[in-house]
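Just so it is clear, none of the values below were taken in a lab; they were calculated from the coordinates. No experiment lies behind these values; they were computed from the predicted model shown. Here Cβ is always computed from backbone atoms with ideal geometry, including for glycine, and neighbour counts include all displayed protein chains.
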Amino acid sequence: MTPSTMNRRTAVLGAASLLALPAAGREAKPLPPPPTLWPQALQVPGGVARLSLGPAAMRPVAHVRQGDVDVPLLVQGDAIEWTAVAGIPLAAVAGPAHITVMTTTGAQRQVPYTVAAKRYQEQHLKVSPRTVDLSPEDQARYERERDHQLQVMATFTEQPAGAALLSLRMQVPVAGRRSSSFGLRRVFNGQPRNPHSGMDIAAATGTPIVAPLAGRVIDVGDYFFNGGTVWLDHGQGLLSMYCHLSSMDVRVGDVLQTGDAFCKVGATGRVTGPHLHWGVMLNRTMVDPALFVPA
Ligand code: ZN
């Protein structure tokens with residue numbers, strides 16, 4: 001929560017508690033606690049910025065520049081306080097950053113924030129050599145799949161599938177030991193590769209995985225690196241990804257409620273053993289899933 005969010009909420013709640021002051025001789029009733037807003041803010045590469053956009057009758061429209069594309073942002077809240085929730089790329093450079101908000105008159109204004117430095121450790125892994133030095137056929141397959149995944153990642157639906165976007169607190173999709181390996185710089189068989197952009201949860205092959213938040217299935221496939229994979233769309237560019245699955249029990253278009261089982265843990269794709277690789281994406285940016293779930 002940004003200080004300005006805190007202040008405005010506190011001010012509003014303060015006003016409400018003044019109104020709720022009891023008449024003389026009657027006992028004051030405690031007010032309900034303010035809503036806990038999720039995800040948690042952590043302004044580092046791979047983290048999330050929560051940026052106050054102030055009050056407005058309608059949900060404001062905001063975007064962030066990524067390369068040469070304006071990528072729309074998730075905006076949550078209500079007429080009292082709107083908040084843009086921006087995923088910060090793992091490749092982001094520490095220092096000043098900003099998002100852009102459209103005003104009601106059609107003008108644009110910038111909302112600045114600062115990305116703090118975070119140094120992620122290096123992790124060395126040993127995997128099947130054919131998943132590191134790709135054959136020409138596997139390379140061609142990977143490039144086709146990458147293009148398809150980029151299309152999936154560009155999904156932006158205005159309305160969430162069933163869920164209110166005030167709190168984006170998620171349920172852990174499968175019980176098991178959670179690694180804290182998000183962001184680690186990965187070296188496979190001695191060769192540097194992309195950083196780890198999700199959370200690994202160790203569980204036996206066949207363990208059911210549940211939807212952490214209501215959503216719609218937007219992709220089901222079997223991919224070279226990710227193995228059996230399902231993508232869910234939770235609305236406004238908030239997507240989640242489940243990889244290395246042994247079974248995918250849904251089809252594109254299916255709508256899931258929080259807690260619905262929809263796939264099973266496996267060891268397909270490039271893995272060292274059975275586990276769920278869980279990815280969470282905001283504005284086409286993989287962010288740390290730990291920011292969305294209770295510790
Ligand atoms: Zn993983």
Stokes-Einstein diffusion coefficient for region 197-295 at 25 °C in a medium of 0.890 mPa s, Rh from the Kirkwood formula over Cα pairs: what value in µm²/s?
186
antiparallel share of DSSP beta bridges within region 122-292, to nearest 5, in %, is 90
Charges on Cβ only, +1 for Lys and Arg, -1 for Asp and Glu, centred on the Cα centroid of region 77-166; of THR157, ALA107, HIS124, which one is farthest towards the dipole's positive end?
HIS124
Once both label points are put 7 Å beyond Cα along the C-beta direction, the ALA116-ASP222 separation in nm becomes 4.5
Charged-residue dipole, Cβ positions (Lys, Arg, Asp, Glu), the chain about Cα centre, Debye nearest 20:
780
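Assuming R0 = 22 Å, what is the FRET efficiency of ARG144 and GLN191, from their Cβ-Cβ distance, to the nearest 0.05?
On the way: r = 22 Å, r/R0 = 1.01.
That pair, ARG144 with GLN191, gives E of 0.50.
Of HIS63, HIS277, HIS124, how do they rank once you tally other Cβ atoms within 10 Å and put the fewest first? Don't skip to the answer; put the middle values down first.
Working: HIS63 18, HIS277 25, HIS124 11.
Neighbour counts put them in this order, fewest first: HIS124, HIS63, HIS277.
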Each label sits 7 Å from Cα toward the beta-carbon; between VAL61 and LEU134 the label points are separated, in nm, by 3.6
Size of charge dipole - region 122-292 - debye, nearest 20, with Cβ of Lys, Arg +1 and Asp, Glu -1, no other charges
440
Ranked MET248, MET199, criterion: other C-beta atoms within 10 Å, fewest first
MET248, MET199
Go ahead and estimate [θ] at 222 nm for the chain from helices alone: -39,500 (n - 2.57) per DSSP H run with n ≥ 4, summed, over the residue count, rounded to 500.
-4000 deg cm²/dmol
Helix 3-19 versus the longest principal axis of the chain: what angle, 0 to 90°, nearest 10, using Cα atoms?
40
Which of the peptides 46-54, 268-276 is most tightly packed, and how do the rest follow, judged by the mean count of other Cβ atoms within 10 Å per residue?
46-54, 268-276
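Exposure proxy check: ILE209, ILE218 ranked by fewest other beta carbons within 10 Å?
On the way: ILE209 25, ILE218 18.
Fewest-to-most Cβ neighbours within 10 Å comes out as ILE218, ILE209.
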Decide, for the chain, between rounded, prolate and oblate: order the square roots of the alpha carbon gyration tensor eigenvalues as a ≥ b ≥ c, take rounded if a/c falls under 1.5, and otherwise choose prolate if a/b is larger than b/c, else oblate.
prolate
As an exercise, identify the trypsin sites (Lys or Arg not before Pro) in region 163-268 lying in DSSP coil whose Cβ has no more than 13 other Cβ atoms within 10 Å.
ARG251
